[in-house]
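Derivation of every value follows stated rules applied to the coordinates shown; laboratory data play no part. Please read these numbers as outputs of a predicted model, since none were measured by experiment. Neighbour counts are summed over all protein chains in view; Cβ atoms, including those assigned to glycine, are modelled from backbone coordinates with ideal geometry.
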Amino acid sequence: MESTVKSNLKAWLYLLPALLFLGAFMVYPLIDVFIYSFEEGYNSASQTSFGTGIYNYSYVLHDPYFLQALKNTLILVAITVPVSTILSLLISLGLNRISKLKELFQTIYFLPYVTNTLAVGLVFMILFKKTAYTDGMINFLITAFGGKSVDFIEGPYWAKMMVLCIYTVWIVMPFKVLVLTSSLASVNPIYYSAARVDGTSNTRIFFRITLPMISPMIFYLVITGFIGAFKAYSDAVALFGTNLNVAEMNTIVGYVYDMLYGDSGGYPSYASAAAIILFSIVLTITVINLLVRNRGVVKG
Amino acid sequence: MKVVLKNLTKRFPSRDKNHPEDVIAVNNFDFTIEDGKLVGLLGPSGCGKSTTLNLISGLEKPTAGQIFFGEDDVTKLPPENRGIGLVFQNYALYPHLTVRQNILFPLQNLKGKDKMSKPDMEKAALEAAKLVQIDSLMARKPSELSGGQQQRVAIARALVKMPRVLLLDEPLSNLDARLRLQTREEIRRIQKETGITTIFVTHDQEEAMSICDELVVMKDGVIHQIGAPQSVYDDPKNLFVAMFLGTPQINVFDGVVKAGKLYIGEEAVLDVEGVRDGSVSVGIRPEGFKHDENGAFTLKLERIEVMGRDISVIAHHDKCRQADIRAIISSESNIDLGKGTVSFNLNPRKVFVFDDRTDERLF
């Protein structure tokens with residue numbers, strides 16, 4: 001009995017540095033944000049507030065800028081997560097089939113992952129932006145095929161949203177391709193031999209053997225993809241600059257940032273409320289994902 | 001279904017830069033497997049037996065030669081059109097499907113005129129499951145089954161389409177010793193019940209001897225002997241076959257033939273009429289020794305092991321190529337342990353004489 005207490009104590013002692021660190025830099029700020037979100041009119045300079053309540057949430061949920069950011073984020077998530085996952089799967093299947101130049105293509109597909117977001121943003125600007133001197137590469141192509149040029153960076157909402165989605169898909173795909181290529185390669189080829197002997201069609205092999213076997217990895221990518229897309233911010237900045245509210249391209253994280261440090265900032269209570277709302281959305285989606293996963297995915 | 005291999009050859013390109021010549025995994029195979037037989041391809045690892053099986057299944061394409069199932073030339077047919085059932089060494093059961101779904105899988109692939117109705121498929125799957133006695137496990141996943149049960153599921157999946165030929169790749173190698181005995185009886189029973197021509201690959205001679213109608217002994221891509229297990233054991237064509245079959249292994253000595261007599265060391269141990277004079281290799285099966293105080297062949301006694309029914313005598317001789325000589329004699333024999341030597345007469349049917357250069361059998 002005594003020895004278990006002793007060894008427990010020892011274990012806690014070993015854990016102490018990590019616990020202190022996590023407590024100070026993760027748990028405490030989380031609780032703090034939660035408290036801020038219920039303190040009305042909190043002033044970080046005087047550290048005072050008028051009282052507690054749900055006014056911050058009410059304000060944020062009625063703020064047209066927040067609603068715009070929420071809409072943008074949801075569109076971004078709904079489009080980029082499925083599109084990037086399916087595209088990565090197709091690319092990985094292709095990569096898995098070829099033997100020549102496989103390494104070269106793998107490297108090319110992985111390059112965006114190691115490229116700086118802002119540098120990529122710059123490239124996208126060159127492709128899409130209209131200036132006094134040029135309409136940009138994409139518009140050049142559109143007009144070459146007889147279409148009308150569009151201002152993708154400062155033009156209509158759908159055009160800007162499209163650029164943001166393409167940009168996001170392009171940025172998140174390399175990691176997914178990497179994960180899926182290796183998980184496809186880890187499927188034991190004996191299953192394919194067995195399926196071949198039984199005369200299984202390629203479509204059936206894909207849907208009945210390959211897909212179930214890599215489904216744990218796909219679910220991992222979908223869950224992290226959702227979380228990543230909900231946290232999008234730097235992508236929008238890279239394309240449309242820091243004044244996202246004016247560009248109608250703000251995201252929830254962008255809204256939180258603006259509330260804290262933006263030109264109209266200095267409202268930690270509103271920022272906290274927006275952050276908590278984002279947190280509850282992500283939590284809900286992740287829980288739903290896990291529930292679906294536990295019902296449908298192969299284990300072991 | 002009769003299976004005929006004609007001049008079948010498979011070469012693989014060499015990966016070793018110092019030896020750029022092709023590796024010949026299967027060299028000019030020519031043999032016929034009669035309808036309804038259980039045939040074992042037996043040999044040490046790397047002898048080309050699995051390649052032979054893959055050629056018959058169609059997973060590998062031969063470099064030269066032909067394969068016939070009955071009168072049909074299947075050499076150019078893909079595996080799915082050959083009408084074969086294949087059981088893989090590690091069973092290759094789909095882990096995310098239940099036993100029932102695994103067995104149904106090949107049937108669901110059928111197209112066109114072969115397409116079966118759902119109830120027919122279920123019926124066929126249940127029949128196959130009953131044959132291998134796993135019909136009570138249909139709802140389980142492979143991970144919830146023992147190795148022996150997984151093996152049965154794999155056999156059921158291979159049999160459900162009623163293949164013309166059943167192929168088994170090292171079917172028992174992933175099972176423990178007790179299950180192995182049980183499963184090999186099981187394979188024999190299933191094969192007898194279905195009457196499907198069955199070819200299996202093994203490196204375990206005991207396994208092959210116990211269930212096969214016919215053995216194909218191979219080494220380095222070459223067939224060394226084909227025949228019924230007992231006849232191959234009793235009448236090996238060369239030293240390799242003699243040494244590969246039988247446990248304990250055959251004892252091999254350096255001998256000399258002089259005027260129709262076989263000498264091992266100084267002693268003339270056996271009459272070998274008609275064998276040319278000169279040095280030879282001599283193989284003596286452990287059961288070929290008959291204990292006799294005045295026997296012709298004297299060995300240095302090391303120890304004896306009593307195994308109930310038999311006694312295993314472990315001895316040495318300068319001319320023996322192995323470290324220990326093992327003789328198995330009846331437990332009624334009285335061996336004087338104090339003497340240091342033990343003498344035997346030899347049973348001529350258990351002694352084989354081989355050419356010392358070509359290893360071909362002389363006597």
**Report entry** Charge-dipole axis of the range A:56-296 as Lys and Arg at +1 and Asp and Glu at -1 on Cβ define it, positive-most pick from A:Ser88, A:Tyr255, A:Gly155
**Finding:** A:Ser88
Query raised in the report: Tell me, what HN-Hα J-couplings in whole Hz come from the Karplus equation 6.51 cos²θ - 1.76 cosθ + 1.60 at θ = phi - 60° for each residue of the range A:199-210, using x for Gly and Pro?
Result: x, 6, 6, 4, 4, 5, 4, 5, 7, 9, 10, 4
Requested in this report: Enumerate the whole-percent occupancy of each 10 Å bin, from 0 to the last occupied one, for all C-alpha pair distances of the range A:134-278.
Outcome: 10, 25, 23, 20, 16, 6, 1
Query raised in the report: Hey, which of these cross-link pairs are over 25 Å Cα-Cα: A:Lys102/B:Lys17; B:Lys10/B:Lys350; B:Lys2/B:Lys123; A:Lys71/A:Lys148?
Result: B:Lys10/B:Lys350; B:Lys2/B:Lys123; A:Lys71/A:Lys148
Requested in this report: Would you work out which of B:Leu299, A:Val77, B:Gly246 lies farthest towards the positive end of the dipole of the protein assembly as shown? Charges go on Cβ: Lys and Arg +1, Asp and Glu -1.
Outcome: A:Val77
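Neighbouring Cβ atoms within 10 Å as the yardstick, rank B:Phe289, A:Phe207 fewest first. Show your work: numbers first, answer last.
Details: B:Phe289 28, A:Phe207 11.
Fewest-to-most Cβ neighbours within 10 Å comes out as A:Phe207, B:Phe289.
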Report summary line: The pairs in A:Lys130/A:Lys160; B:Lys111/B:Lys161; B:Lys118/B:Lys192; B:Lys261/B:Lys319 lying past 21 Å Cα-Cα in this model are B:Lys118/B:Lys192
Report task. Taking GluC sites (Glu not before Pro) as candidate sites, keep only those in a DSSP loop with at most 16 other Cβ atoms within 10 Å, then name the longest stretch of chain B containing none of them. Result -> B:72-265
Report summary line: Yeah, the protein assembly as shown with a ≥ b ≥ c from its alpha-carbon gyration tensor (a/c under 1.5 is rounded, else prolate when a/b outruns b/c, oblate otherwise) is prolate
Query raised in the report: Which whole-Hz ³J(HN,Hα) couplings does the range B:63-69 yield from phi under the Karplus relation 6.51 cos²θ - 1.76 cosθ + 1.60, θ = phi - 60°, glycine and proline marked x?
Result: 6, 8, x, 9, 10, 10, 9
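In percent, how large is the relative contact order of chain A, given Cα pairs closer than 8 Å and 6 or more residues apart? Mind showing how you got there, number by number?
On the way: 316 pairs, mean separation 81.6, N = 300.
Once divided by the residue count of chain A, the mean separation gives 27 percent.
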Report summary line: Residue by residue through the range B:204-212, the couplings from Karplus 6.51 cos²θ - 1.76 cosθ + 1.60 with θ = phi - 60°, in Hz, x for Gly and Pro, are 9, 5, 5, 4, 5, 4, 6, 10, 7
Report task. Determine the shape class of chain A: with a ≥ b ≥ c the square roots of the Cα gyration tensor eigenvalues, call it rounded for a/c under 1.5, and otherwise prolate if a/b is greater than b/c, oblate otherwise. Result -> oblate
**Report entry** Likely footprinting exposure, A:Trp170, A:Trp12, fewest C-beta neighbours within 10 Å first
**Finding:** A:Trp12, A:Trp170
